Amino acid sequence: MTGHQQPSVVTSWRTPDGAPVTIRPTRASDASIMQQFVRALSPQARYCRFMGAVREVTPQMLERFVRIDQLNQVALVAVTSRDGRTFQLGECRYAVCPGSDDCEFAIAVLDEWQRRGLGERLLSELIAVARTRGLRAMSGDVLASNAAMLGLAAKFGFNVSPSSEGWSVRHVSLALRPTPAPHSSTRHCRPS
């Protein structure tokens, strides 16, 4: 695997309706906007992102969100500015599975920013970083009820299969190299 630093790429982008968005690596100073972001997610969006009922992120969780292990993780945030303040609209991240060239990803977008292409753009950027770093495959667990995320995964060519987590979860996986080795589903390295 090559490269062990957060990606330095900052992308300026506009949603189809013209809203300005910046996609960039997360920073240690993002703790307050990350906290606001998680609070602003609907209960359903929080449940889909964390695979459980989370009302508030703990200081320990927040620390893991913004202080990235640059050897094994990448985290990107989508932000916009209004009245001199920065607001987080979405985030995506992956964690490299120990002892492998595979990673598991997670993504979340504020409800009012969904269906505007932001999730697609975030996932596209994350996949590009993983490929640049030489990773073999990207995977994740998605609630079977999360039709929007399953649709997004299908759009990017992820294979969807039953998960070892149970009937209510689907496992999505994408080969990042042309000829990947068989994927082992026994390793888990969920991003924070």
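Could you grab me the full set of residues in segment 149-164 that are over 19 Å from the mean Cα position of the chain (by Cα) and either at positive phi or not in a strand (DSSP E or B) (or both)?
164, the sole residue that qualifies.
Every residue in segment 98-139 that is of a type in the set (Gly, Ala, Ser), in contact with a strand residue (DSSP E or B) (Cβ under 9 Å, 6 or more places away or on another chain) and touching a residue at least 60 places away in the same chain (Cβ under 8 Å), please.
First pass over segment 98-139, keeping only residues of a type in the set (Gly, Ala, Ser): 99-100, 106, 108, 117, 119, 124, 128, 130, 134, 137, 139.
Cutting the leftovers down to in contact with a strand residue (DSSP E or B) (Cβ under 9 Å, 6 or more places away or on another chain) gives us 100, 106, 108, 117, 119, 130, 137, 139.
Scanning segment 98-139 gives 100, 106, 108, 117.
Tally the residues that are closer than 13 Å to residue 107 by Cβ and of a type in the set (Gly, Ala, Ser), restricting the search to segment 68-89.
Final tally of qualifying residues: 2.
Can you tell me which residue among 157, 99 is more than 25 Å from residue 68 (Cβ to Cβ) and either buried (at least 16 other Cβ atoms within 10 Å of the Cβ) or of a type outside the set (A, V, I, L, M, F, W, C) (or both)?
157
Residue-by-condition table, conditions (1) surrounded by fewer than 21 Cβ atoms within 10 Å (Cβ to Cβ); (2) at pLDDT 90 or above; (3) not in a strand (DSSP E or B):
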residue	(1), (2), (3)
86	yes, yes, no
112	yes, yes, yes
126	no, yes, yes
130	no, yes, yes
138	no, yes, no
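Please specify each residue of segment 41-65 satisfying the condition of being crowded, with 16+ Cβ neighbours inside 10 Å and modelled with pLDDT of 80 or more.
Answer for segment 41-65, where residues must be crowded, with 16+ Cβ neighbours inside 10 Å and modelled with pLDDT of 80 or more: 41, 45.
Can you find a residue that is at pLDDT below 90, of a type in the set (Gly, Ala, Ser) and touching a strand residue (DSSP E or B) at 6+ places or on another chain (Cβ under 7 Å) anywhere in segment 151-161?
No: segment 151-161 contains no residue that is at pLDDT below 90, of a type in the set (Gly, Ala, Ser) and touching a strand residue (DSSP E or B) at 6+ places or on another chain (Cβ under 7 Å).
On the given criteria, is residue 27 at pLDDT 85 or above and surrounded by fewer than 19 Cβ atoms within 10 Å (Cβ to Cβ)? Write out each step before concluding.
Numbers: at pLDDT 85 or above: yes; surrounded by fewer than 19 Cβ atoms within 10 Å (Cβ to Cβ): yes.
Yes; evaluated as a whole, the condition is true for this residue.
Where residues in segment 68-84 are surrounded by 14 or more Cβ atoms within 10 Å (Cβ to Cβ) and of a type in the set (A, V, I, L, M, F, W, C), which of them is farthest from residue 10 (Cα to Cα)?
This residue is 68.
Conditions (1) under 19 Å from residue 148 (Cα atoms); (2) touching a helix residue (DSSP H, G or I) at 6+ places or on another chain (Cβ under 6 Å), marked per residue:
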{"residue": "22", "(1), (2)": "no, no"}
{"residue": "32", "(1), (2)": "no, no"}
{"residue": "70", "(1), (2)": "no, no"}
{"residue": "74", "(1), (2)": "no, yes"}
{"residue": "89", "(1), (2)": "yes, yes"}
{"residue": "101", "(1), (2)": "no, no"}
{"residue": "111", "(1), (2)": "yes, yes"}
{"residue": "116", "(1), (2)": "yes, no"}
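So which of 147, 95, 75 ends up being farther than 21 Å from residue 28 by Cα and either without any contact (Cβ under 8 Å) to a residue 60 or more places away in the chain or touching a strand residue (DSSP E or B) at 6+ places or on another chain (Cβ under 6 Å) (or both)?
From the options 147, 95, 75, the qualifying one is 147.
The values are calculated or read from the model by the stated rules, or taken from the named source; none is laboratory data. The structure presented is a predicted model; accordingly, all values stated were derived computationally and were not measured. Using ideal geometry, Cβ is built from the backbone for each residue, glycine included, and neighbour counts are taken over all protein chains shown.
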